[in-house]
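Working notes, structure below.
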Amino acid sequence: AKSVKTGKNLLSLEISRQFVLNFLNYEISEIKKGKRIKILGLEQKIDLFYQVEGLSFPIRLKGTIDRIDQIDQVTRIIDYKTGKVNQSDLNIKNWPDLIEEEKYAKAFQVLCYAYMFSANKLLPDGTSLESGIISFKNLKSGFLKLNREEISDETLMSFSENLDALLLYLFDADSSFIEKKIP
């Protein structure tokens, strides 16, 4: 095992400590504002067998949700990111962009988690659903929620339609994969 007392390992450890300290201070500030935070799950594994019309077999969607919490009457699906994420990365204006544009990979992830969470009927009664990211390099922005709004049935339906299109493309034997160029 490499030592964490010198060099890059020490630097990485100190950066991680600072991220955690900043996050804990952020949580404390939310509580001081009068918010009641209830942790419902951490590192929550989730999966769903998803059937696409046109495919003769179900697709298993799965992932690990970093955090599920409840603030007042809102249940939040949260993914932590150590890199910088901006609100614009989570604002979907044109639904096909969700599966076509690399920029929206994080939005796709948190929306997929929300879809699985909802489809598995895990939403506590009387609460609404939000899904988003806490970016440790953009902590001042707080919880960056998808489209700056609650997850509606309409949003879940739009996601499902685009997920269907993506899966049909991926399982089409006549389609060739094209590597996306990341700027």
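Hey, does region 4-12 have a residue that's open to solvent by 90 Å² or more (accessible area, probe 1.4 Å) and touching a residue at least 12 places away in the same chain (Cβ under 8 Å)?
no
Residues of region 42-62 being part of a strand (DSSP E or B), without any contact (Cβ under 8 Å) to a residue 60 or more places away in the chain and either out of contact with any strand residue (DSSP E or B) (no Cβ under 7 Å at 6 or more places or on another chain) or crowded, with 16+ Cβ neighbours inside 10 Å (or both), which ones? Let's see the steps before the verdict.
Kept after step one, since they are part of a strand (DSSP E or B), are these residues of region 42-62: 42-50, 59-62.
Cutting the leftovers down to without any contact (Cβ under 8 Å) to a residue 60 or more places away in the chain gives us 42-45, 49, 60-62.
Selection gives Q44, L61.
If you go through region 88-113, how many residues are of a type in the set (D, E, K, R), within 19 Å of G142 (Cα to Cα) and open to solvent by 50 Å² or more (accessible area, probe 1.4 Å)? Before the answer, list the steps.
Narrowing region 88-113 to residues of a type in the set (D, E, K, R): 89, 93, 97, 100-103, 106.
Then drop every residue that is not within 19 Å of G142 (Cα to Cα), which leaves 89, 106.
Imposing the further condition that a residue be open to solvent by 50 Å² or more (accessible area, probe 1.4 Å) reduces the set to 106.
Final tally of qualifying residues: 1.
I'd like to check something: does region 18-36 contain any residue that is part of a loop (DSSP other than H, G, I, E, B), touching a residue at least 40 places away in the same chain (Cβ under 8 Å) and either under 20 Å from L122 (Cβ atoms) or in contact with a helix residue (DSSP H, G or I) (Cβ under 8 Å, 6 or more places away or on another chain) (or both)? First the steps, then the outcome.
Looking only at region 18-36, we keep the residues that are part of a loop (DSSP other than H, G, I, E, B), and these are 33-36.
From what is left, the residues that are touching a residue at least 40 places away in the same chain (Cβ under 8 Å) are none.
No.
Against the conditions (1) closer than 27 Å to F19 by Cα; (2) open to solvent by less than 20 Å² (accessible area, probe 1.4 Å), where does M116 fall short? Just the number, please.
M116 satisfies every listed condition except (1).
Looking at region 71-87, can you tell me whether even one residue there is open to solvent by less than 80 Å² (accessible area, probe 1.4 Å), among the polar types (S, T, N, Q) and in a strand (DSSP E or B)? Lay out the reasoning, then the answer.
From region 71-87, those open to solvent by less than 80 Å² (accessible area, probe 1.4 Å) are 71, 74-81, 83, 85-87; that's our starting set.
Subsequent filtering for residues that are among the polar types (S, T, N, Q) retains 75, 86-87.
Right, trim to in a strand (DSSP E or B) and you get 75.
Looking through region 71-87, at least one residue is open to solvent by less than 80 Å² (accessible area, probe 1.4 Å), among the polar types (S, T, N, Q) and in a strand (DSSP E or B).
Is it fair to say F171 is open to solvent by 50 Å² or more (accessible area, probe 1.4 Å) and at pLDDT below 95? Break it down stepwise before answering.
Working: open to solvent by 50 Å² or more (accessible area, probe 1.4 Å): yes; at pLDDT below 95: yes.
Yes: the conditions hold for F171.
The values are calculated or read from the model by the stated rules, or taken from the named source; none is laboratory data. Worth saying up front: this structure is predicted, and the values here are computed from it rather than measured. Positions of Cβ are backbone-derived with ideal geometry, glycine not excepted, and every protein chain shown enters the neighbour counts. Accessible surface is based on the protein model in full, side chains and every heavy atom, while ligands, DNA and RNA are left aside. Shrake-Rupley method; radii C 1.70, N 1.55, O 1.52, S 1.80 Å.
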